[in-house]
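*Asks:* Take this structure first; my questions come after.
Read the figures in this text as sums done on the coordinates, not as results from a lab. Keep in mind that what you see is a predicted model, and the values were worked out from it rather than measured. Cβ coordinates were reconstructed from backbone atoms using ideal geometry, including for glycine residues, and neighbour counts include every protein chain displayed.
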Amino acid sequence: MKRSAFIYLLIIFSVLSSSCSKGNNNPPSPLPPPVTSVKISTDKASYLPGGIVTFNIDHTLPATAKVQYRHFSDILAENTLTGTSWQWQVPDNDYTGYMVDIYDLVNGQKVIYASIGVDVSSDWSRFPRYGFLSSYPKMTTDAINFVIDGLNRYHINGIQFYDWEYEHHHPLAGTPDNPDSVWQEIARRDVYLSTVQGYIKAAHACNMKAMSYNLAYGALSDAEAEGVSDTWYLYTDQNHVNKKVFKLDPSMFKSYIWLLDPSNPAWQQYIADRTNDMYKVFDFDGYHIDQLGDQGTVYNYSGQQVNLPSGFESFIKAMKTYSPDKSLVMNAVNQFGQQNIAVSPVDFLYTEVWAPNEGYQDLATIIENNNTYSNNTKKTVLTAYMDYNLANNPGYFNTPGVIMTDAVIFAFGGDHLEMGEHMLGKEYFPNNNLQMKGDLRDAMVHYYDFMVAYENLLRDGGTINNPVVACTDGKISVNQWPPRLGSVAVTGRDLGNRQVIHLLNYAGANSLEWRDTNGTQTTPQAFADVKLSFQTSKTVKKVWIASPDYQDGVPQILDFTQTPGGISFTLPGLQYWDMVVVEY
């Protein structure tokens, strides 16, 4: 069905709950409404090649409903949908994303009931989609499964278990033979062994990695009694008088954190042994290594200045040596140490973004720099806290701001750590002051489905470039990336036999700062039936478009006209982000 048959801009979100239910909170469109609404889910976050996907919807659809399986715009198979649960054996191709949609014809027009992405990947690091957990009270199995099912609907394939550990220098409470059943983490919150183990088990059932959070170089006030030597610490002076300390509010936290030299072999051996003790009790898949950013000039016990980035690289390599079968990820706080981290054995690159990297352009630059640092071998996950000041008090995330930030991150091939028991608004992950409104919950499901379904176009090789696109009817102002207020920014990815063109809309936006600190970003102006041209000397065989903002991300073929200088086509509409794909 031609998108020009309706103003798709007014159907931005075919309302999906966290398990993909449909509806419409937007103004009515010329299309007839769906006959019914459905919630759709899959049983896992990712699948092995040749694996079996189990789909579920919450109730029966008309006998005329069909299900389609797509790779890009190509339909691989189509079947009549019967019942509320069915299976699909995915192809044998590894590292491939698919779109699966359910549709029917209503009054001769195609109506999509629901869609969902499917990721087939044998290694999570190829297309990381990182989530988090931050609270581990006494929980039932049903409560644990409820949280993991929510993350599974976003296809989260790895979870950072934030602040579950007993102490930074001694993560396991008790001993491997006799672990404690409950302990207090650094913020004096109770952590239950049964909950942590239950979360790991539930995550593994959905093919998610479970990553144990800890600093690379932290020790609490009782560390000396635990065998941590004064000769391992970082000092602010050359005479080892003043240890480097990270101060925390004593009314909330049980200790300050003193920092050690991450390159010190004795410390590396010590924390590796304590970590391996922890692995004997908890079936974590690896170690999420944190740091505290640039600490200025620091010294070891001998008075030598310590190069922390080099120390991080040494630490990561040591952890891999001591636990070779475990995955490793390390936070580069505002890119501190990232060039060293990138050449170490981490699964992917992880950046916690802070000022002055506050613009949409900065997010893209970090991803591109990480590509360069790793020689395009490692993907990027950004921890970028939205609505930061707003999160000081109870309230709601601002929907346009979150969507616009994710659109940039996803279009440039990155992932956004934001989904856990709640959406993330602060660096202290348990902060859950802000909730998602219904429209944002729906949008996030569409955006994560989109990232999965089109991962081979968004995150799988090729070269980020700036395709030359012009508007020929004057409806929109177009500029090549970076963005400008009042204009539509164009960026793309050259994949040889395909050119991906991303259109990111800043017309009507009031800021180019991604954090949307006070939740004031405005919804971009919507456009319909925009005539565009794209310069290319190659012969074009197909042009198609997909957007997380309409039709559940399902692609549509576009008519085009080719001339010696390129092609022209009509963009049916644009709200936040459209992806046009030109195939040669």
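*Asks:* Taking amide H positions as placed 1.01 Å from N in the peptide plane, with prolines and chain starts having none, which residues 5 or more places from Val38, or on another chain, fall under 5 Å of its amide H?
*Replies:* When sequence neighbours closer than 5 places are left aside, the close amide H contacts are Lys22.
*Asks:* Now, a different point. Once you put a point 7 Å from the Cα of Asn178 and another 7 Å from the Cα of Ser477, both along the Cβ direction, what distance in nm separates them?
*Replies:* A separation of 7.2 nm, rounded to one decimal place.
*Asks:* If you average the alpha carbon positions of segment 163-235 and of segment 349-375, how far apart do those two centres end up, in angstrom?
*Replies:* The distance from the Cα centre of segment 163-235 to that of segment 349-375 comes to 30 Å.
*Asks:* Separate question: For the chain, find the longest principal axis of its Cα atoms and tell me its angle to the long axis of helix 438-453, 0 to 90°, nearest 10.
*Replies:* 90 degrees
*Asks:* Take every Cα-Cα pair in the chain and report what % of them are more than 31 Å apart.
*Replies:* Here the long-distance tail beyond 31 Å is 50 percent of all Cα pairs in the chain.
*Asks:* Give me the percent of DSSP beta bridges within the chain that run antiparallel, rounded to the nearest 5.
*Replies:* Of the beta bridges lying entirely in the chain, close to 75 percent run antiparallel.
*Asks:* Here is a follow-up. What are the ³J(HN,Hα) values, in whole Hz, obtained from phi via the Karplus relation 6.51 cos²θ - 1.76 cosθ + 1.60 with θ = phi - 60°, for each residue of segment 575-584 in sequence order, with x given for Gly and Pro?
*Replies:* Values per residue, Gly and Pro as x: 10, 9, 8, 10, 10, 9, 10, 9, 9, 9 Hz.
*Asks:* Let me ask something else. Pairing the Cα long axis of helix 308-322 with the longest principal axis of the chain, what angle in degrees results, from 0 to 90 and rounded to the nearest 10?
*Replies:* On a 0 to 90 degree scale, this one is about 90.
*Asks:* Can you list the residues of segment 340-360 with backbone N under 17 Å from a point 7 Å past the Cα of Asp94, pointing along Cα to Cβ?
*Replies:* Within reach of a label on Asp94, which here means backbone N under 17 Å from a point 7 Å along Cα→Cβ, segment 340-360 contributes 347-348.
*Asks:* Can you work out D for segment 463-583 in µm² s⁻¹ from Stokes-Einstein, where Rh is the Kirkwood radius over C-alpha pairs, the temperature is 20 °C and the viscosity is 1.002 mPa s?
*Replies:* Rounded, D is 145 µm²/s.
*Asks:* What list of ³J(HN,Hα) couplings, whole Hz, do you get for segment 264-281 from phi and the Karplus terms 6.51, -1.76, 1.60, once you set θ to phi - 60° and write x for glycine and proline?
*Replies:* Listing the rounded values in order: 6, x, 5, 5, 4, 5, 4, 6, 5, 5, 5, 5, 5, 4, 5, 5, 5, 9 Hz.
*Asks:* Please report the relative contact order for the chain, taking Cα pairs under 8 Å with a sequence separation of at least 6, and give it as a percent rounded to a whole number. Working shown, then result.
*Replies:* On the way: 1412 pairs, mean separation 81.9, N = 584.
Value for the chain: 14 percent.
*Asks:* While we're here: Nearest 500 deg cm²/dmol is fine: what mean residue ellipticity at 222 nm does the chain get from its DSSP H runs of n ≥ 4 alone, each adding -39,500 (n - 2.57), divided by its residue count? Could the numbers behind the result be given before it?
*Replies:* Details: 9 runs with 108 residues, N = 584.
The helix contribution divided over the chain gives -5500 deg cm²/dmol.
*Asks:* Could the peptides 337-344, 549-556 be put in order, highest first, of the mean number of other beta-carbon atoms found within 10 Å of their residues?
*Replies:* 549-556, 337-344
*Asks:* Let me ask something else about it. What pairs from Lys138/Lys209; Lys138/Lys254; Lys254/Lys317; Lys39/Lys437 go past 25 Å between their alpha carbons? Walk me through the numbers before you get to the answer.
*Replies:* Working: Lys138/Lys209 22 Å; Lys138/Lys254 21 Å; Lys254/Lys317 31 Å; Lys39/Lys437 18 Å.
Flagged as over cut-off: Lys254/Lys317.
*Asks:* I need the phi-derived Karplus couplings for segment 286-298: 6.51 cos²θ - 1.76 cosθ + 1.60, θ = phi - 60°, integer Hz, Gly and Pro marked x.
*Replies:* x, 10, 8, 9, 10, 9, 10, x, 5, 9, x, 7, 9
*Asks:* Using Cα atoms only, what is the angle between the long axis of helix 141-153 and the major principal axis of the chain, expressed in degrees (0 to 90) to the nearest 10?
*Replies:* Approximately 50 degrees, to the nearest ten.
*Asks:* Here is a follow-up. Rounded, prolate or oblate, given the Cα gyration tensor of segment 238-328, with a/c below 1.5 counting as rounded? Mind showing how you got there, number by number?
*Replies:* On the way: a/c = 2.15, a/b = 1.34, b/c = 1.60.
Judged from the Cα gyration tensor, segment 238-328 comes out oblate (a/c at least 1.5, b/c at or above a/b).
*Asks:* Give the distance, in whole Å, between the Cα centre of segment 112-151 and the Cα centre of segment 382-424.
*Replies:* 17 Å
*Asks:* Any idea what the relative contact order of segment 463-583 is, in percent, if you count C-alpha pairs under 8 Å spaced at least 6 apart?
*Replies:* With pairs under 8 Å counted, the relative contact order is 27 percent.
*Asks:* In a shell of Cβ-Cβ distance under 11 Å around Gly337, excluding Gly337 itself, what net charge do Lys and Arg (+1) and Asp and Glu (-1) give? Before the final figure, lay out each step's value.
*Replies:* Details: positive: none; negative: Asp294, Glu313.
After counting each charged neighbour, the total is -2.
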